[in-house]
Amino acid sequence: MPHPARLLLLSVAVAATLAACQRAEDKAQAPAKAPPAAAAPASNTPVGYDSKTPYATVKLTLPQAVKTTPALHAALYADTVRDLKQFEEGAQADLSEAGGGPNPYEKTIAFAPGAETGKLVSLARTNFEFTGGAHPNTSFDAVIWDKTTNKRLGFADLFQPGADLSVLDKALCAAANAAKQARSPGSETATLDGKMWTCPKAVSTPFVLTPGTTPGKAGGVTFLMGPYQIGPYSDGPYWIALPQSAFRALLAPAYADQFDGAPAKAGDVTPKN
């Protein structure tokens, strides 16, 4: 008959062996740790471009933040540099034909960030151009970019097709007139069918997303109106922010969830510079 002490030792050894096997099995079944997420590729595209010739001075400025959206960054840089080079060529042709001039032409394109949401990035584009005359010309454009599809969106993408936009047009016209009266009290009111000053339609006016009170959402949209649109050149441009509550029912379902809350500031939000 085995000695009790020997039985105890055998039991301890068997238990230890079984525990070791169990640990090995658990380790084999445990899911492998996921490798650390790869960092987003850094954009190597420049954020600026400038060139000066005897005929033209041109310049492009992009915000540093655009580097986090490489596809947008590359597209904007390529398109605007091409525009500026074409402007240089046109300036050389004009001034050479005219036998030269006292000053070269000038064109600058500057992008400024609007609000950004989970899906969307927006940028305001300011075009400054001088080719002689009483004053330079300033105009605006805007970019709304879908980060999930890497595509630029238009008005028809953000708003429902066939929607009645009259409510949006009226809201824009009313807010623009309030800003106009604040700058030039007693000046002639712009109307949607005015003969002197006509309010622009929302569908044909560039706009960016407006920063809002809800993190990660747009509180509205800001329409970019150039000089001469609703008042004299001396009034300058008008950037008019409308709350998303004024047009929420018109938004396309695919992007309605990118809007919430109220604008950080509504009405006249024209940059001071």
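How about the stretch 182-239: which trypsin sites (Lys or Arg not before Pro) there lie in a loop by DSSP and see at most 10 other Cβ atoms within 10 Å?
Within the stretch 182-239, the qualifying trypsin sites (Lys or Arg not before Pro) (loop, at most 10 other Cβ atoms within 10 Å) are K195.
Whole Å is fine, so just give me how far the alpha carbon centre of the stretch 49-91 lies from that of the stretch 113-161.
15
Express the carbon and sulfur contribution to the solvent-accessible surface of the stretch 171-233 as a percent, rounded to the nearest whole number, probe 1.4 angstrom.
Within the stretch 171-233, the accessible surface is 61 percent carbon and sulfur.
Going by average Cβ density within 10 Å per residue, which order do the peptides 244-252, 109-117 take, highest to lowest? Working shown, then result.
Details: 244-252: 16.2, 109-117: 19.7.
Highest to lowest by the protection proxy: 109-117, 244-252.
Treat every Asp and Glu Cβ in the stretch 51-198 as -1 and every Lys and Arg Cβ as +1, leave all other atoms uncharged, and give the resulting dipole magnitude about the Cα centre to the nearest 20 debye.
Here the size comes out at about 480 debye.
If each residue of separation counts as 0.36 nm, what is the full-extension length gain between A178 and A74 once their alpha-carbon separation is subtracted?
Taking 0.36 nm per residue and subtracting the Cα distance, the gain is 33.6 nm.
The values are calculated or read from the model by the stated rules, or taken from the named source; none is laboratory data. For clarity, every value in this text was computed on a predicted model and none was experimentally measured. Quick reminder, even Gly has a Cβ in these numbers, built from the backbone with ideal geometry, and neighbours come from all protein chains shown. Ligands, DNA and RNA are excluded from the accessible area calculation, which covers all protein heavy atoms including side chains. Shrake-Rupley method; radii C 1.70, N 1.55, O 1.52, S 1.80 Å.
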